[in-house]
């Protein structure tokens, strides 16, 4: 293999890794705008057809159940009252056609009586994603409220076990 | 065109797309630090000379009006009392020399009497940007409070109409 | 130098700049999940061995003091009561083997009595980082609460002095 060929191949590999990380970040950052605008099918399309969305009080299996959550009276009431699902920038780790991401969401709602915005909950988020023929999709997203239950910090820590965190730039 | 030439051209195109997305993200993330430090000219310089900043209660046309907002007594009072314009990571979509981005901002202020931090508002943000001779600049930024008015969710949804969200990585 | 050689060298340089920016962003975004899960050694490992973490009420010198903060009763109490160190996406500027980043953190805690989540503080963050043999590490992180003290806005403004903010994409 020539030097030029090697350098091209290495550039393509490095660039692909960045494109994957940014594509997954974009997917995760699209969740808030889509769910807060009631774009039910587009929310569900972030997941694989049989993807799982596991929230403390609710386990959704497959796109239809995710769509139903967005269309539910409870969720529509959040939207009509004033609501932000504020998704923090995720920490993404790609491994071939699989990826995990960890981050936080804040659910902010407007109180109808006082008009004040209140922080309803802060939640640990763990995402598993897979690359398929249509690009990256969520296989399992797990949310746990940061209310002191041990599961929530464990979810935050799980991605980092046995690995360092900010090193890619150094190995180039 | 040789294979090497094709691969170089494709790499340059892909890399340019990423640089654009990251440059726009950087521009948007600079808004908070600049406005919360009262850096009036630097805030205004994020916009084109005749750019528009359309907030619910205030329409600013051109850089002078944006500078004036930052220098206003009202804004200076936020800074001196304690204030954070917390800008969420945006979801950016580039199309040649035009781009749109969607995201959230939280306005957090410290209450002088109690010393407590309060969430004054959560806002839907929609940015239109254009690449000119000096790089990316904002042409129109539209903010709408997420207080139940239908415009705000519509603003969040507008970017996604007719397109998928996290696919770039998959088409490479 | 041939045209191909020049284009390869330029691509490698541009790609390296992006990898650095993303590696630093990843490092910063890992702070929240690590500190909220009590991963004391992993938090400390984000810093250089003699790195400094300068918070309003506490100056930590070196990894041992950072580890001790995470293991302290005060911090462990936050975790067991429910706590989120919500780190905003940072604005990163790389200059060779040095970098600075500026951003915000929100400290959100659950009130044991009411069960409500409260925003304990909003903080200006300034990070200095250096690339060493193990990759990027924090040399000094400075946090100042945004409670009206002039230092906090000054910290937010310091990165931008004499430079523009979103221009990289335009110079390509």
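None of the figures in this text is laboratory data; all of them are computed from the coordinates on show. All values reported here derive from a predicted model rather than from experimental measurement. We place every Cβ from the backbone using ideal geometry, glycine too, and count neighbours over all the protein chains shown.
Might you check whether a residue that is in contact with a helix residue (DSSP H, G or I) (Cβ under 8 Å, 6 or more places away or on another chain), touching a residue at least 24 places away in the same chain (Cβ under 8 Å) and loosely packed, with under 14 Cβ neighbours inside 10 Å occurs anywhere in the stretch B:22-37?
No - not one qualifying residue is present in the stretch B:22-37.
When you look at residue B:109, is it assigned to a helix (DSSP H, G or I) and touching a helix residue (DSSP H, G or I) at 6+ places or on another chain (Cβ under 7 Å), yes or no?
Judged against the criteria, residue B:109 is not a match.
Considering the stretch C:108-136 alone, what residues qualify as being within 12 Å of chain A (Cβ to nearest Cβ), surrounded by fewer than 20 Cβ atoms within 10 Å (Cβ to Cβ) and either touching a residue at least 60 places away in the same chain (Cβ under 8 Å) or under 27 Å from residue B:25 (Cα atoms) (or both)?
C:130, C:131, C:132
So residue C:24 clears everything in (1) in a helix (DSSP H, G or I); (2) in contact with a strand residue (DSSP E or B) (Cβ under 6 Å, 6 or more places away or on another chain); (3) under 30 Å from residue B:24 (Cβ atoms); (4) more than 9 Å from chain A (Cβ to nearest Cβ) except one condition, right? Which one?
Of everything listed in (1) in a helix (DSSP H, G or I); (2) in contact with a strand residue (DSSP E or B) (Cβ under 6 Å, 6 or more places away or on another chain); (3) under 30 Å from residue B:24 (Cβ atoms); (4) more than 9 Å from chain A (Cβ to nearest Cβ), residue C:24 misses just condition (4).
I'd like to verify a number: residues in the stretch C:72-85 that are closer than 22 Å to residue A:105 by Cα and more than 7 Å from chain A (Cβ to nearest Cβ), how many?
5
Can you name the residue in the stretch A:86-100 that is assigned to a strand (DSSP E or B) and more than 9 Å from chain C (Cβ to nearest Cβ) and is also farthest from residue A:158 (Cα to Cα) among such residues?
Restricting to residues being assigned to a strand (DSSP E or B) and more than 9 Å from chain C (Cβ to nearest Cβ), the top hit is A:87.
Keeping to the stretch B:68-85, report how many residues are part of a helix (DSSP H, G or I) and touching a helix residue (DSSP H, G or I) at 6+ places or on another chain (Cβ under 7 Å).
Looking only at that region, the number is 5.
Check C:8, C:15 and return the single one that is facing chain A (nearest Cβ under 7 Å), in a helix (DSSP H, G or I), farther than 28 Å from residue B:88 by Cβ and more than 17 Å from the chain's Cα centre (by Cα).
C:8
Can you report the number of residues in the stretch A:46-67 which are surrounded by fewer than 22 Cβ atoms within 10 Å (Cβ to Cβ), in contact (Cβ under 8 Å) with a residue 24 or more places away in the chain and outside any strand (DSSP E or B)?
Matching residues across the stretch A:46-67 total 2.
Write out, first by first residue and then by second, each pair whose Cβ atoms fall under 8 Å of each other, whose residues are 6+ apart or on separate chains, and whose first residue, in the stretch C:1-18, is in contact (Cβ under 8 Å) with a residue 24 or more places away in the chain and at negative phi while the second is outside any helix (DSSP H, G or I) and surrounded by fewer than 14 Cβ atoms within 10 Å (Cβ to Cβ).
These pairs meet every condition: C:14/C:172.
Among (1) touching a strand residue (DSSP E or B) at 6+ places or on another chain (Cβ under 9 Å); (2) within 14 Å of another protein chain (Cβ to nearest Cβ); (3) more than 19 Å from residue A:129 (Cβ to Cβ), there is one condition residue A:40 misses while meeting the rest; what is its number?
(1)
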